[in-house]
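Just below is one structure, and these are the notes that go with it.
Read-outs throughout are calculated quantities, based only on the coordinates presented, and are distinct from any laboratory measurement. Remember, predicted model here, so these are calculated numbers, not experimental data. Positions of Cβ are backbone-derived with ideal geometry, glycine not excepted, and every protein chain shown enters the neighbour counts.
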Ligand code: HEC
Ligand code: HEC
Ligand code: HEC
């Protein structure tokens, strides 16, 4: 449920930019305004309600694939009743009650109202939603799927009477009008036809990844207006990696070193289904995505996602695959090492990740040749060493293995050295990590300062 905070911090870490962007793109918007309004008007006709059980079941599945629950449920709260408080530099914002309660939820939303909210970012009262609600991705959803979702939210979700909490944002940032310009500039028009229905797995995978599953909301880098730089495969930027809530949401393109170039389709399916495979395990926001959403998807859909991801060309120049070697492992075992990084590794990490860096299959992830370890940006690695992590709980793999946090035990220098060692051993090849980088992450996570070592 931390996911929400994640999205929000990205979107709001500079809400003022919305305003600036709105002004900057004003020229473009003038032209865009008219068609945008026309679509809204069109959508307001022809609503029909549908309580067909098959339709409701389909909607339930789609709601899981879209991970609506992650953001719309407060910690310990009733499902979909909203109220999850989100920190942002401009104040607190709360997700809304999307249960069919008529007074406090969306029970009086027509199909058109619902469709406008989830695919166009427009509330029933006509004002704009914050783009933390990933309507930019949901705009790709075809109308028949929106109808099924609507049937589920109207008839398959228990109504909960829980008034929405108004966002706690000071004027003038509390004004919603700039969001309208953001929407006009950055949101694609909602899909109008059903042509994306196909037996071809790649087509189905594209539909899910770009749309409902909103993978790009975390994995695609953002521009100055906090818009995702690409919403569909542009041959380079889409899903090329981004930092979200203190973790690197990895490059999911075919790059060999830091992308998923050496992952097979069944690796991807296994990761999304169980949260762990021989050479990686989900953590950070991804652990929640696996737990709430992807583990519940059908094998056919997971295979489709994998098939589509494997079509994404590398973002960078093609580099040869990393080749493993065990020189570091041999030196560690022979006891011939003296560097602080090596010694820190033996004392703190080798018990689980082993001197060979190969870990234990699906229990302690492999560090050798790992795409996480070799990412250009070491933020995830620093974060996980400082704060520890717990694997997601999944039906396919119910044991929560965890890694302890070392913030209270290792200095910034120790962590920098051990990660530099990990990133240059067993065939890994990534830039060194500095104590300054560790300090920054420690501060941004609000963790206590580094331990003071006893003088002797
Ligand atoms: C990444 C977080 C996130 C996800 C995922 C998400 N939402 Fe939202 N949603 C929000 C937030 C935040 C708001 C309120 C935004 C605001 O106040 O402007 C919202 C608003 C809405 C609204 C408008 C409610 C109103 O008061 O008018 C609807 C409807 C909605 N979401 C439905 C859904 C559905 C259906 C899904 C899944 C398909 C979903 N949301 C997934 C964050 C999310
Ligand atoms: C809430 C943000 C978020 C969303 C949404 C999200 N991811 Fe992730 N993902 C992350 C983060 C953070 C990581 C890095 C941590 C890890 O490796 O588990 C990650 C890692 C991954 C990895 C492992 C990559 C590697 O090199 O180890 C895969 C594969 C992946 N995501 C696929 C997906 C797919 C497919 C979707 C859409 C169905 C998706 N993610 C949606 C945040 C997200
Ligand atoms: C008690 C066992 C244990 C110890 C000790 C340990 N780890 Fe871990 N490590 C894990 C587990 C379990 C995970 C998977 C966490 C998750 O996915 O939530 C992990 C994940 C990682 C990852 C992410 C790998 C990936 O691909 O997902 C890195 C990097 C890492 N550990 C480095 C270290 C370093 C460096 C140390 C020593 C400072 C260390 N670990 C100590 C158990 C351990």
Length added when fully stretched, residue 171-residue 298, from 0.36 nm per residue minus Cα-Cα: 41.2 nm
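With a 10 Å Cβ neighbour count serving as the proxy for reagent exposure, in which order, fewest first, do 195, 95, 434 appear? Spell out each step's value before the answer.
Working: 195 9, 95 27, 434 16.
Going from sparsest to densest Cβ surroundings: 195, 434, 95.
Which value in deg cm²/dmol, rounded to the nearest 500, describes the helix-derived mean residue ellipticity at 222 nm for the chain, given -39,500 (n - 2.57) per DSSP H run of n ≥ 4 and division by the residue count? Provide the component values of the computation, followed by the final result.
Details: 20 runs with 184 residues, N = 456.
After summing the helix terms and dividing by the residues of the chain, the value is -11500 deg cm²/dmol.
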Cα gyration tensor, segment 127-220 - rounded (a/c under 1.5), prolate or oblate: oblate
Potential extension, residue 203-residue 75 segment - 0.36 nm per residue separation minus Cα distance: 42.5 nm
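Considering all alpha-carbon pairs of segment 217-309, what whole percent are spaced by more than 18 angstrom?
Working: 2008 of 4278 pairs.
The share of Cα pairs beyond 18 Å in segment 217-309 comes to 47 percent.
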Residues in segment 379-405 reached by a label modelled at residue 351 [backbone nitrogen below 13 Å; 7 Å Cα→Cβ]: 402-405
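For segment 327-444, what value does the Rg/Rh ratio take when both radii are computed over Cα atoms and Rh is the Kirkwood radius, given to two decimals?
Here Rg/Rh amounts to 0.96.
Indicate, rounded to the nearest 5 percent, the antiparallel portion of the DSSP beta bridges found entirely in the chain. Don't skip to the end; give the middle numbers.
Numbers: 14 of 15 bridges.
Roughly 95 percent of the beta bridges in the chain run antiparallel, per DSSP.
How high is the FRET efficiency from residue 432 to residue 125, r the C-beta distance, R0 60 Å, rounded to 0.05? Write down the numbers at each step before the final one.
Working: r = 53 Å, r/R0 = 0.89.
The pair residue 432/residue 125 has a calculated efficiency of 0.65.
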Segment 349-405 - Rg and Dmax from Cα coordinates, angstrom: 11.8, 33
Cβ-Cβ FRET estimate between residue 338 and residue 440, R0 fixed at 22 Å, reported to 0.05: 0.20
Fewest-first sequence of 231, 419 by Cβ atoms within 10 Å of each Cβ: 231, 419
Angle between the chain longest axis and helix 26-43 axis [Cα atoms, degrees, rounded to 10]: 60 degrees
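Set the Förster distance to 45 Å, then compute FRET efficiency between residue 194 and residue 400 from the Cβ-Cβ distance, nearest 0.05.
Numbers: r = 41 Å, r/R0 = 0.92.
So, using R0 = 45 Å, E works out to roughly 0.65.
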Rough spin-label spacing in nm, given labels placed 7 Å along Cα→Cβ, for residue 102 and residue 447: 5.2 nm
Which of 332, 447 has the fewest Cβ neighbours within 10 Å, and the rest in rising order: 447, 332
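Roughly how compact is the chain, stated as its Cα Rg over 2.2 N^0.38 Å to two decimals?
On the way: Rg = 23.1 Å, N = 456, 2.2 N^0.38 = 22.5 Å.
So the chain has a normalised radius of gyration of 1.03.
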